[in-house]
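Read-outs: derived from the displayed coordinates by stated rules, not from any lab. Predicted model only: the values in this text are computed from it and were never measured. When we count neighbours, we look across all protein chains shown, and the Cβ atoms used for this are built from the backbone with ideal geometry, even at glycine.
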Amino acid sequence: PTDAAPLSMFEPVSVLKPLCGVDASLDENLQAFARQTHQNLNIVFGIADPDDEALLVAQRFCREHGHLRTRISVGETPSLHNPKVALLAHMSVHCGGQWLVVSDSNVRVTEDYVRDALSHADPDVGLVTHLVSGCGGSSVSAHLENLQLNCFVAPGVCGVRFIAGQTCVIGKSMFLRRDVLE
């Protein structure tokens, strides 16, 4: 640890929001990024298929929030086999700043999400992640995902930390320092 000052509210941060289909709460999840207290966001929406209905939702968000820096990336990096990684790699070419944020489409964040995560961004920190929980939804699949997150994933992440002293990273919400990622 060093005595470096915390990152400024004006530090550029790129938010990668991979989209695939239109979840029931997609609009609300995206709107949460329009209300962030952090002042310098670059929001990149990623869509693999140009016929995906999520493209229209992303376009509407960009129009409604012209004061924000937004971009839509369509396509994937073809040399990568994992679909999410291929989408994120394609999106990341549109990013600047020291920190990249990956926030899945079905993740809803608080207005201090970016600011709070960056408060942990000491020089010796390369990744900040969040413990996620599931809530809401009316379909059977939404309830099953909530059960998985709340009864298996969250206790597993906490258990690994407590028992083994290791941090388990969940890809639904990650802050990555660019030089560490590269």
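Taking the Cβ of GLY75 as the centre, find all other residues whose Cβ is under 14 Å away and add up their charges (Lys, Arg: +1; Asp, Glu: -1).
Here the count lands on -2.
Normalise the Cα radius of gyration of segment 26-182 by 2.2 N^0.38 Å (N = residues in it) and let me know the number.
My calculation over the Cα atoms of segment 26-182 gives 1.08.
Need one number for segment 1-101: average projected area of the convex hull over its C-alpha atoms, nm².
If I average the Cα hull's projected area over directions, I get 7.8 nm².
In segment 25-83, which trypsin sites (Lys or Arg not before Pro) are in a loop and have at most 13 other Cβ atoms within 10 Å, using DSSP for the loop call?
Answer in residue order: ARG35.
First select every other residue whose beta carbon is under 15 angstrom from the beta carbon of VAL180; then total the charges, Lys and Arg +1, Asp and Glu -1.
Local net charge: -2.
Give a residue-ordered list of calculated ³J(HN,Hα) values for segment 70-85 (Karplus: 6.51 cos²θ - 1.76 cosθ + 1.60, θ = phi - 60°; whole Hz; x for Gly, Pro).
With the stated coefficients, segment 70-85 comes to 10, 8, 10, 10, 10, x, 10, 7, x, 7, 9, 8, 7, x, 5, 5 Hz.
Local charge sum around ALA121 (other residues, Cβ-Cβ under 9 Å, Lys/Arg +1, Asp/Glu -1)?
Here the charged neighbours net out to -1.
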